[in-house]
Amino acid sequence: MSARFNRKKVDRKSSDRRKSDRRNSDRRVSDRRASVRGTPDQRKSERRKSGKRKAERRKSNVKEERLTKNNLKGRNLSGLKFSGLNDLNGVDLSGSDLSFANLSGLDLKKTNFTGVKLIEADLSWTNFAEANLLDADLFQANLTDADLSQAINISCAQLERAILSKGTKLPDDFEITWISDNDFELKTKIA
């Protein structure tokens, strides 16, 4: 009887050893995976960093392209701050998305804004001399004190969707009547 008991004990010990060996090898494999991929927090941090790097690359590309190609046609430039630039004279931005972008104070002479999304963009204190605004979406765009007096292809419908101030200069074709500080009526003058 004692021999059988001992044999079972031995078998039990060897099976325990096999189980612990399997567990240890599983741990070693998972440790290797963790060291390659990092912990979940490390991976999350790495994703954030790569997202920031992409945004920084996109911001730096705007300055580089302005200097080299002078063409930003069809680009997604939403949310960018164009501070540090004095002008975007003659740049072709047609078909681009400039929603939430900050273009305040820039000289935008002869810039092509055909079909550009300028939703909630800050365009205050900008000069739109000879800028083409055909089909530009100006929904809630801030045109406070902007000079649109020489802008071309701009309509009443576009301006009614934007935020204007009494200091905003409009083309001679338009007649604006201020109802209050924020509300206005806009009409096209009939020649």
Review point. Failed condition for Asn132, given (1) in contact with a Cys (Cβ under 6 Å, 6 or more places away or on another chain); (2) within 17 Å of Ser96 (Cβ to Cβ); (3) of a type outside the set (A, V, I, L, M, F, W, C), with all others met?
Key: (1)
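Checking the conditions here, which among Ile163, Ile176 is more than 27 Å from the chain's Cα centre (by Cα), open to solvent by 40 Å² or more (accessible area, probe 1.4 Å) and free of Cβ contacts under 8 Å to residues at least 24 places away in the same chain?
On the way: Ile163 fails: more than 27 Å from the chain's Cα centre (by Cα).
After ruling out the rest, the residue left standing is Ile176.
Scan segment 147-154 and tell me whether some residue there is crowded, with 16+ Cβ neighbours inside 10 Å, touching a helix residue (DSSP H, G or I) at 6+ places or on another chain (Cβ under 9 Å) and over 19 Å from Trp178 (Cβ atoms).
Keep residues of segment 147-154 that are crowded, with 16+ Cβ neighbours inside 10 Å, which gives 147-148, 151, 154.
Okay, now just the ones that are also touching a helix residue (DSSP H, G or I) at 6+ places or on another chain (Cβ under 9 Å), so 148.
From the residues that got through so far, the ones that are over 19 Å from Trp178 (Cβ atoms) too are none.
Within segment 147-154, not a single residue is crowded, with 16+ Cβ neighbours inside 10 Å, touching a helix residue (DSSP H, G or I) at 6+ places or on another chain (Cβ under 9 Å) and over 19 Å from Trp178 (Cβ atoms).
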Point to revise | Residue count, segment 167-191 (criterion: out of contact with any helix residue (DSSP H, G or I) (no Cβ under 6 Å at 6 or more places or on another chain) and not in a loop (DSSP other than H, G, I, E, B)) | key: 9
Review point. Is one or more of the residues making up segment 98-114 touching a helix residue (DSSP H, G or I) at 6+ places or on another chain (Cβ under 7 Å) and not hydroxyl-bearing (Ser, Thr, Tyr)?
Key: no
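Among Thr188, Thr144, Thr168, which is loosely packed, with under 13 Cβ neighbours inside 10 Å and of a type outside the set (Lys, Arg)?
Thr188 is the lone residue from the list that is loosely packed, with under 13 Cβ neighbours inside 10 Å and of a type outside the set (Lys, Arg).
The values are calculated or read from the model by the stated rules, or taken from the named source; none is laboratory data. Computed from a predicted model, the values in this text were never measured in an experiment. Every residue, glycine among them, receives a Cβ derived from its backbone with ideal geometry; neighbour counts consider all protein chains shown. What goes into the accessible areas is simple: the full protein's heavy atoms, side chains included, and nothing from ligands, DNA or RNA. Shrake-Rupley method; radii C 1.70, N 1.55, O 1.52, S 1.80 Å.
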